[in-house]
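Colleague: If you scroll down you'll find the structure; I have some questions about it.
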Amino acid sequence: EMELASDTFFQRASAEFDPAKLAILKEMATALKSGAYLDYHIIIEGHTSDLAINTAMYPSNWELSGGRAARVVRLFIEQGIEPKRLVAIGLADSQPKAPNRNAGGDAIEDNRKLNERVVIKFERGN
């Protein structure tokens, strides 16, 4: 399992990559095409914090998290990974790593950043 911080790899409130980080993601895709990883399925999970988004493209965190996961899948396909090995899942804020808010209901910004991530999981397949 690998984890990508959303604020590092994506533009703010978007599923578009930070152009400065694209080379890292392409290098990752190259490694995933090697013999050591060929018998693995790659599950890409998009996660957000509880901070609501409401834009024309992303009316909720579900669309944003799914869009980020799908964008990673699309990049991997563009880099030559077989589509049948890939899955994109948007989980919004349903599986936080850390509480988004304290007991009084105040936002914990550092935790929100932890929760805004893309997780890449590897499962042995056929």
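The values are calculated or read from the model by the stated rules, or taken from the named source; none is laboratory data. Every value quoted in this text rests on a predicted model; they were computed, and no experiment measured them. Note that we place each Cβ from the backbone using ideal geometry, even for glycine, and neighbour counts take in every protein chain shown. Please note that ligands, DNA and RNA were not included when accessible areas were found on the heavy atoms of the full protein model with its side chains. Shrake-Rupley method; radii C 1.70, N 1.55, O 1.52, S 1.80 Å.
Colleague: Of the conditions (1) aliphatic (A, V, I, L, M); (2) modelled with pLDDT of 95 or more; (3) over 21 Å from A13 (Cβ atoms); (4) open to solvent by 20 Å² or more (accessible area, probe 1.4 Å), A107 clears all except one; give me its number.
Modeller: (3) is the only condition that A107 fails.
Colleague: Can you confirm whether P59 is in a loop (DSSP other than H, G, I, E, B) and touching a helix residue (DSSP H, G or I) at 6+ places or on another chain (Cβ under 6 Å)? Spell out the reasoning first.
Modeller: Values: in a loop (DSSP other than H, G, I, E, B): yes; touching a helix residue (DSSP H, G or I) at 6+ places or on another chain (Cβ under 6 Å): no.
Considered against the rule, which asks whether it is in a loop (DSSP other than H, G, I, E, B) and touching a helix residue (DSSP H, G or I) at 6+ places or on another chain (Cβ under 6 Å), P59 comes out as no.
Colleague: I'd like to know if the stretch 1-20 contains one or more residues that are in contact (Cβ under 8 Å) with a residue 60 or more places away in the chain, open to solvent by 40 Å² or more (accessible area, probe 1.4 Å) and in contact with an Asp or Glu (Cβ under 6 Å, 6 or more places away or on another chain).
Modeller: Within the stretch 1-20 (the criterion being in contact (Cβ under 8 Å) with a residue 60 or more places away in the chain, open to solvent by 40 Å² or more (accessible area, probe 1.4 Å) and in contact with an Asp or Glu (Cβ under 6 Å, 6 or more places away or on another chain)), the answer is no, since none of the residues qualifies.
Colleague: A follow-up question, please. Kindly provide the set of residues from the stretch 84-95 that are closer than 15 Å to E3 by Cα and buried (at least 19 other Cβ atoms within 10 Å of the Cβ), ordered by number. Let's see the steps before the verdict.
Modeller: Kept after step one, since they are closer than 15 Å to E3 by Cα, are these residues of the stretch 84-95: 88-91, 95.
Once the filter is applied, which keeps residues that are closer than 15 Å to E3 by Cα and buried (at least 19 other Cβ atoms within 10 Å of the Cβ), the stretch 84-95 yields A88, G90.
Colleague: Another one. For the condition part of a loop (DSSP other than H, G, I, E, B), within 22 Å of T8 (Cβ to Cβ) and not small (G, A, S), what is the one hit in K97, K113, K121? Can you show your working first?
Modeller: Working: K113 fails: part of a loop (DSSP other than H, G, I, E, B); K121 fails: part of a loop (DSSP other than H, G, I, E, B).
The conditions single out K97.
Colleague: Given the criteria outside any helix (DSSP H, G or I), within 16 Å of the chain's Cα centre (by Cα) and under 17 Å from E16 (Cβ atoms), does A69 qualify?
Modeller: Numbers: outside any helix (DSSP H, G or I): no; within 16 Å of the chain's Cα centre (by Cα): yes; under 17 Å from E16 (Cβ atoms): yes.
In short, no.
Colleague: Out of A36, A23, report the one residue that is within 17 Å of the chain's Cα centre (by Cα) and either open to solvent by 50 Å² or more (accessible area, probe 1.4 Å) or within 17 Å of I120 (Cβ to Cβ) (or both). Don't jump to the end; show me each part of the working.
Modeller: On the way: A36 fails: within 17 Å of the chain's Cα centre (by Cα).
Only one candidate passes the filter, namely A23.
Colleague: Picking from I89, I77, I53, which residue would you name as being closer than 18 Å to E16 by Cβ, out of contact with any Lys or Arg (no Cβ under 6 Å at 6 or more places or on another chain) and in contact (Cβ under 8 Å) with a residue 24 or more places away in the chain?
Modeller: Details: I89 fails: closer than 18 Å to E16 by Cβ; I77 fails: in contact (Cβ under 8 Å) with a residue 24 or more places away in the chain.
It is I53.
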